[in-house]
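Read the structure below first, then the notes.
The values are calculated or read from the model by the stated rules, or taken from the named source; none is laboratory data. Small disclaimer: the values here were computed from a predicted structure and weren't measured. Every residue, glycine among them, receives a Cβ derived from its backbone with ideal geometry; neighbour counts consider all protein chains shown.
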Amino acid sequence: MSFYLYTKRGRYSRSCLWTSAYPALRLCGLWQPGPYLVRKGQLKLTSVLSIVQAIRRKIESDLSKKKSTTSRARQTRKIAPGSVMALRPSQALQIKPLTTVAEAAQLMAAKREDCVLVTDDDDRISGIFTAKDLAFRVVGAGIDARDITIAQIMTKNPLCARTDTSATDALDLMVRKGFRHLPVMDENQDISGILDITKCFYEAMEKLERAYASSRKLYDALEGVQSELGSSQPQQIISYVEALRQKMSGPNLESVLDGNPPTVVTVRTTVKDAAAMMKENRTTAVLVQDAGNITGIFTSKDVVLRVIAPGLDPANCSVVRVMTPHPDFAPMEMSIQAALRKMHG
């Protein structure tokens, strides 16, 4: 007879497992001594696997608790009014510098994102990579996405906002620099999220709409009182509602157009040539024309999601295969607010 270890998951030989398994079992809280005797040679491979699996589950459980605790701590952190965090930054998709562009495109396609943050071994931001970068610097330049890493084409050391940065300053920075995306970091240089200026503007317009609706109800109610009592409407209310109405009404699309015609390609244009035209004209979208009629639209996001991620060859794939057919149109007099609602609807 020989002594065996007894755990909550089985009995194991002291002689063959004591040195390697005992410290791990004690660490994981799985070892429980007891006067159990079994015949020598009864230990099986499945018993060893049980120990390994038990240790793995214990470690995963501890890591899960740690992550949930960190997540709860971040969620309970008070958001300062007017700070960049009040804009509700989205969770950032993160990749490593040695990831190939093709692999990054597949990840972006799976998450339906057009921007990723590149992080070093300490999970600190070292760069940013967007669908625009892929279209301009890879496809438009004729480079194979499978042969180049993110580190070679990313925008290194991007400007970032701090969690205590004011929302106004963050948006002002994005407008002045022409950034669509802006990473947000906390005081420990950890990533807190990423801002998308179109999403921020759309949500701001929604808030204006709600404020206008509430103010309009108050205005109508006071107008009813006025008709009954014969008094005039308070000037402050009138001015406030009028200011909101003006903010809601403009500007329109014509006011933001630069006067240059859109970039147009034909249905036979290859994705590579279309991306080169995007780069040349500094635009992220081209209209696809057939026999003088607009039949589709092709964007830098399509390059990521519909071309590189599925593994198509940009040099041999025509835009007609991957474009969005029969795109919707907006008149120039349409307000930006209405256009955003149409795009997000």
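Details
- Restricting the stretch 84-117 to residues that are in contact with a strand residue (DSSP E or B) (Cβ under 6 Å, 6 or more places away or on another chain) and among the small types (Gly, Ala, Ser), the residue that is farthest from Val139 (Cα to Cα): Ser90
- Look at (1) crowded, with 18+ Cβ neighbours inside 10 Å; (2) at pLDDT 95 or above; (3) in contact with a Ser or Thr (Cβ under 7 Å, 6 or more places away or on another chain) and you find that Thr100 fails only one, number (1).
- Taken across the stretch 235-251, residues that are within 30 Å of Val138 (Cβ to Cβ) and either at pLDDT 75 or above or not assigned by TED's automatic domain parsing to the domain that holds Arg321 (or both) do not occur at all.
- Pairs, first β-branched (Val, Ile, Thr) in the stretch 300-317, second part of a loop (DSSP other than H, G, I, E, B), C-beta under 8 Å, six or more apart: Val303/Pro314; Val304/Asp114; Val307/Pro314; Val307/Cys317; Ile308/Ala145; Ile308/Pro314
- Screening the stretch 94-199 for helices (runs of 4 or more DSSP H) wholly inside it with 1 or more residues that are among the charged types (D, E, K, R), more than 17 Å from the chain's Cα centre (by Cα) and more than 27 Å from Ala276 (Cβ to Cβ) returns the ranges 167-177.
- The residue that is surrounded by the most Cβ atoms within 10 Å (Cβ to Cβ), counting only those in the stretch 290-317 that are closer than 21 Å to Val101 by Cα and of a type in the set (Ser, Thr, Tyr), is Ser300.
- Residue within the stretch 113-135 that is among the aliphatic types (A, V, I, L, M), buried (at least 19 other Cβ atoms within 10 Å of the Cβ) and in contact with a Lys or Arg (Cβ under 6 Å, 6 or more places away or on another chain) present: yes
- Selection of the stretch 110-135 for residues being of a type outside the set (D, E, K, R) and over 20 Å from Ser318 (Cβ atoms) yields Ala110, Cys115, Val116, Leu117, Val118, Thr119, Ile125, Ser126, Gly127, Ile128, Phe129, Thr130.
- The stretch 167-185 residues that are aromatic (Phe, Trp, Tyr), paired with ones that are in a helix (DSSP H, G or I) (beta carbon under 9 Å, 6 or more apart): Phe179/Leu173; Phe179/Ile197
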